[in-house]
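The values are calculated or read from the model by the stated rules, or taken from the named source; none is laboratory data. Quick caveat: nothing in here was measured; it's all calculated off a predicted structure. Cβ placement follows ideal geometry from the backbone for every residue including glycine, while neighbour counts extend to all protein chains displayed.
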Amino acid sequence: MIGYVTIGVNDMEKAKAFYSELLADLGASVILDMDRIAFLGTGMDAPMLAVCVPHNEGDPQPGNGNMIAITAPSKEKVDELYHKAISLGGSCEGEPGQRIPDMFYGAYFRDPDGNKVAFYVFG
């Protein structure tokens with residue numbers, strides 16, 4: 001259903017490096033790079049994350065309430081990816097933990113441009 005989600009960034013090279021390193025453990029990499037926009041994912045037939053310099057060349061403005069949630073295969077991987085995001089320059093928006101008993105485990109961070117992202121696992 002979702003083809004890709006786009007977030008605005010200030011520095012394309014920094015954003016590509018941040019997300020390439022962060023998502024490498026999930027098998028994702030930059031699969032299409034078109035100068036002001038780059039798509040990261042595992043293939044063109046799977047959901048992707050796009051980072052871009054806004055079309056109007058204005059400052060990217062992360063939305064209040066907008067968030068990207070990326071599934072992880074286990075609670076341990078949620079923890080690992082969260083800590084990796086922080087070590088790469090992200091900031092904490094909610095440490096890893098069980099949010100809904102026996103149902104939802106997640107961790108939240110903001111990337112260097114202020115975009116809110118979660119890693120999660122159901123079950």
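Within the range 38-66, take every residue that is buried (at least 17 other Cβ atoms within 10 Å of the Cβ) and without any contact (Cβ under 8 Å) to a residue 40 or more places away in the chain and give me the one that is nearest to Met12 (Cα to Cα).
For the range 38-66, the residue satisfying everything is Ala38.
Out of all the residues in the range 25-37, which are closer than 20 Å to Met67 by Cα and either without any contact (Cβ under 8 Å) to a residue 40 or more places away in the chain or touching a Pro at 6+ places or on another chain (Cβ under 6 Å) (or both)?
Ala28, Ile37, listed by residue number.
For the list (1) in contact with a Pro (Cβ under 6 Å, 6 or more places away or on another chain); (2) free of Cβ contacts under 8 Å to residues at least 12 places away in the same chain, I need the number of the one condition that Ile100 fails.
The one condition Ile100 does not meet is (1).
May I ask you to list the residues in the range 73-114 that are touching a helix residue (DSSP H, G or I) at 6+ places or on another chain (Cβ under 9 Å) and within 17 Å of Ser20 (Cβ to Cβ)?
Of everything in the range 73-114, those that are touching a helix residue (DSSP H, G or I) at 6+ places or on another chain (Cβ under 9 Å) and within 17 Å of Ser20 (Cβ to Cβ) turn out to be Glu80, Leu81, Lys84, Ala85, Leu88, Gly89, Gly90, Phe109, Asp111, Pro112, Asp113.
Name the single residue that is nearest to the chain's Cα centre (by Cα) among those in the range 90-123 being of a type in the set (Asp, Glu) and not in a strand (DSSP E or B).
Among them, the one singled out is Asp111.
Give just the number: which of (1) more than 25 Å from Phe122 (Cβ to Cβ); (2) under 12 Å from the mean Cα position of the chain (by Cα); (3) surrounded by 15 or more Cβ atoms within 10 Å (Cβ to Cβ) does Glu21 not satisfy?
(3)
For a quick check of your reading: which strands (runs of 3 or more DSSP E) sit entirely within the range 13-89 and have at least 1 residues that are within 15 Å of Phe119 (Cβ to Cβ) and modelled with pLDDT of 95 or more?
By residue number, 37-41, 48-52, 68-71.
Tell me the residue from Asp33, Asp79 that is of a type in the set (Asp, Glu) and closer than 25 Å to Phe122 by Cβ, please.
Asp79
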